[in-house]
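First comes the structure, then the notes that go with it.
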Amino acid sequence: MKTTISTLAIAFTIAASTLTASAQTKTAPLSNPDFNASVLVSSAFRNISKNYTKEDCFISAYYKEVITKNDKAFSLNEAILDIDKASYLTSKPDKIAVKNVRVSSIPKMSDPFLVKLQGGPNTSLILDLAKYPFLGCEPSKINDYYTFEYETPVNIDNKLFYVVRFDQKYLGEDILFRGKLYIEAISHAIGKVEFAMNVEKRGDAYLNFVKDKPSYLNIDVKYANYTVGYKEFNNKWLFEYSRSDVKFEAKNKKRGIFNEYLISSKMVVTKVNTPGVKIDKNNLMRSTDILADRVQGGDDSLIWELYDELMLLALL
């Protein structure tokens with residue numbers, strides 16, 4: 001069994017020279033169920049067909065990716081997106097059309113390597129674990145690969161949630177995940193997932209992320225952290241936001257130079273539109289595309305700052 005979600009493809013190449021409010025979380029006046037936590041998790045995935053949107057829908061979103069080297073940002077790309085969000089009942093993938101893009105900084109060509117994020121917004125949507133379950137294995141086999149334990153229930157925006165902590169059962173060949181599932185107490189809908197890939201002290205962890213690199217470059221992944229959140233629209237739950245933060249160290253064996261890179265990407269839904277609206281197929285973003293390569297110039301209108309504020313509120 002191979003891990004099916006890496007959510008990030010990084011390419012090392014040699015250079016030539018929502019309309020949403022912040023979620024308030026607090027301890028909930030709720031007791032955990034008497035049955036095992038794995039039963040609740042199974043119920044949550046079993047009820048996806050009941051709790052999540054059955055129809056394709058058209059949504060708008062704001063996406064931002066930042067790459068830093070040794071704590072200094074050298075690449076920042078933003079995009080306004082139209083998304084054909086496929087039904088949660090089908091295996092049909094989501095489709096993304098890039099409506100507008102902006103770059104705020106460009107890597108210096110004196111840097112011996114260019115680090116690029118492949119897939120961009122597509123990697124953010126893959127974090128939708130209700131659409132693409134479950135963290136490296138089929139939902140029917142989660143008990144073979146994961147342990148589940150209850151934590152203290154919480155209240156998020158006046159909804160009660162059970163909190164289930166999970167971790168990889170056996171640290172073997174596969175690199176899986178650990179984290180927390182927030183499951184709504186009444187419907188058993190998954191409202192939020194916070195998780196990390198178990199990359200620590202795994203020299204082969206980079207294979208889950210790096211698409212291409214020179215043979216003389218060693219990669220050590222320090223951490224890979226993710227968050228995905230959902231919100232109710234017309235009594236059905238739908239992807240609302242996601243965040244990915246992957247940090248790694250690159251050592252150039254030829255020069256004996258160490259550099260640390262942090263790749264962060266975020267997406268937030270800004271509008272859920274009327275069903276039946278079609279996206280522009282001429283601007284589709286494929287999983288092999290690199291957003292930075294599509295950026296042609298700057299756009300300093302205030303709309304970008306507004307979207308950035310909305311994202312900050314969603315991710316609080």
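Each value in this text was obtained by applying a stated rule to the coordinates, not by laboratory testing. All of these numbers come straight from a predicted model, not from anything done at the bench. Positions of Cβ are generated from backbone atoms using ideal geometry, with glycine treated the same way; all protein chains shown enter the neighbour counts.
Here is how the numbers come out for the structure above:
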read-out	value
Trypsin sites (Lys or Arg not before Pro) restricted to DSSP loop in the stretch 114-211 with at most 16 other C-beta within 10 Å	Lys169, Lys201, Arg202
Sequence of Asp34, Asp82, Asp289 once ranked by neighbouring C-beta atoms within 10 Å, starting from the fewest	Asp34, Asp289, Asp82
Residues Leu238, Leu81, Leu262 arranged by fewest to most Cβ contacts within 10 Å	Leu262, Leu238, Leu81
Computed label-point distance, nm, for sites Thr90 and Glu173 using a 7 Å Cα→Cβ extension	3.5 nm
Cβ-based exposure ranking for Tyr62, Tyr132, Tyr146, in which fewest neighbours within 10 Å come first	Tyr132, Tyr146, Tyr62
Restraint check, Lys95/Lys231; Lys95/Lys222; Lys92/Lys266; Lys64/Lys213, Cα-Cα greater than 29 Å	Lys95/Lys222
